[in-house]
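Q: Have a look at this one before I ask anything.
The numbers here are math on the coordinates, done by the rules we state, and not lab data. This one's a predicted model, so the numbers in the text were calculated from it and none came from an experiment. Cβ coordinates were reconstructed from backbone atoms using ideal geometry, including for glycine residues, and neighbour counts include every protein chain displayed.
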Amino acid sequence: MTIIKIGGGEQINLEAIIEDLVNLEDEFIIVHGANALRDEIANKLHYEKKVLLSASGYSSVYSDSEALDIMMMSYAGLRNKRIVEMCQQVGINAIGLTGVDGKLIEGQRNKGIKIKEDGKLKIVRDFSGKPKTINIALLQLLISNGYVPVITVPIIDENNFAISSENDDIVALLKESLDADRIFQLIEAPGFLDDVNNPNSVVKVISKEEVKQRETQVDGRMKRKMKALTKLFESGKTSVYICDGRKNNPITNAINGEGTIIQ
């Protein structure tokens, strides 16, 4: 089983990614983001996004009820259905799902995020949380009948409310539940960069032990992503390909040695 994680950046080449998926021989599912589209829609609605920085150095987008509505419009609505449409156009029988549908992904709402504001610690509570369980029976039902699940947020919490969650955490949970042996992460860079300001500093191979070490070298959202990468290896062996989602044939290129592989 392969997991395809498509980033939500503005430069991601969705058409090229979907066209390249036809070349995959094994079963796969898709998990996607839509952060650039979310920000675009939020701007049109005159909603100002708020980013929280936790006391431990991890950043996340604050999710009040209005932000959650915008997430549903962008992630679950426009981006999800366009990806399903593109898949159908190349012969991939895709079906779009959020974590709420059929309780596909159940999570636990955050009891509060500790942030530092004006030099003081403060607890902020919003509509966000961590994924905890996958409705594996639903996934297997779809996959065994020839459907390719296209999955995105929101997920559903313990009280049956929709909540935001990190796609990196969702991918880690899906990897464990499906025992996926390959994960492709399509991003807006040629691979994992040793220097974020130098596109020529791609690290070709990273060991799973090195991922934990590199987490201490970054901050903000990249720190969260490195922590999520570490989780991918806690539930068994896998290979993670970090590849350029802006180019043609990005998955084939990654298999042929472009980008970064973590194993």
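Q: Kindly provide the pair-distance distribution of the chain built from C-alpha pairs, with 5 Å bins from 0 and whole-percent values in order of increasing distance.
A: Values per bin, smallest distances first: 1, 6, 13, 17, 20, 19, 14, 8, 2, 1, 0.
Q: Another question, if that's okay. Residue by residue through the stretch 113-125, what is 3J(HN,Hα) from phi via Karplus (6.51 cos²θ - 1.76 cosθ + 1.60, θ = phi - 60°)? Round to whole Hz and write x for glycine and proline.
A: 9, 7, 10, 10, 10, 6, x, 10, 6, 9, 9, 10, 10
Q: Report, in listed order, any pair from Lys103/Lys237; Lys50/Lys247; Lys49/Lys132; Lys132/Lys175; Lys208/Lys231; Lys175/Lys231 with a Cα-Cα distance greater than 19 Å.
A: In this structure, Lys103/Lys237; Lys50/Lys247; Lys49/Lys132 lie more than 19 Å apart at Cα.
Q: Another question, then. Using DSSP, restrict attention to beta bridges with both residues in the stretch 2-262 and report what percent are antiparallel, rounded to the nearest 5.
A: 45
Q: Once the piece of chain linking Asn145 and Lys114 is laid out straight, how much longer is it, given 0.36 nm per residue of separation minus the C-alpha distance between them? Please report the intermediate quantities before stating the final value.
A: On the way: separation 31, 0.36 × 31 = 11.16 nm, distance 4.41 nm.
Gain on extension, Asn145 to Lys114, equals 6.7 nm.
Q: If the only charges are +1 at each Lys and Arg Cβ and -1 at each Asp and Glu Cβ, what is the size of the charge dipole of the chain around the Cα centre, to the nearest 20 debye?
A: For this selection, approximately 780 debye.
Q: Separate question: For the stretch 83-198, with only Lys/Arg (+1) and Asp/Glu (-1) charged at the beta-carbon, what is the dipole magnitude about the Cα centre, in debye rounded to 20?
A: 520
Q: As an exercise, use a Förster radius of 25 Å and the Cβ-Cβ distance of Tyr62 and Glu27 to find the FRET efficiency, rounded to the nearest 0.05.
A: On the way: r = 36 Å, r/R0 = 1.46.
Efficiency for this residue pair is about 0.10.
Q: In straight Cα distance, which aspartates and glutamates are under 18 Å from Lys212, not counting same-chain residues fewer than 8 positions off?
A: Asp168, Asp169, Asp194, Asp195, Glu234
Q: Further question on the same structure: Compare the peptides 8-21, 167-180 by average per-residue count of other Cβ atoms within 10 angstrom and give them in order, highest first.
A: 167-180, 8-21
Q: Spin-label point model (7 Å from Cα, Cβ direction): what's the Ala137 to Arg125 distance in nm?
A: Those two pseudo-labels are separated by 3.2 nm.
Q: Moving on. Give the calculated FRET efficiency between Val90 and Ser239 to the nearest 0.05, with a Förster radius of 22 Å applied to their Cβ-Cβ distance. Present the calculation step by step, with values, prior to reporting the outcome.
A: On the way: r = 25 Å, r/R0 = 1.12.
Given R0 = 22 Å and the Cβ-Cβ separation, E is 0.35.
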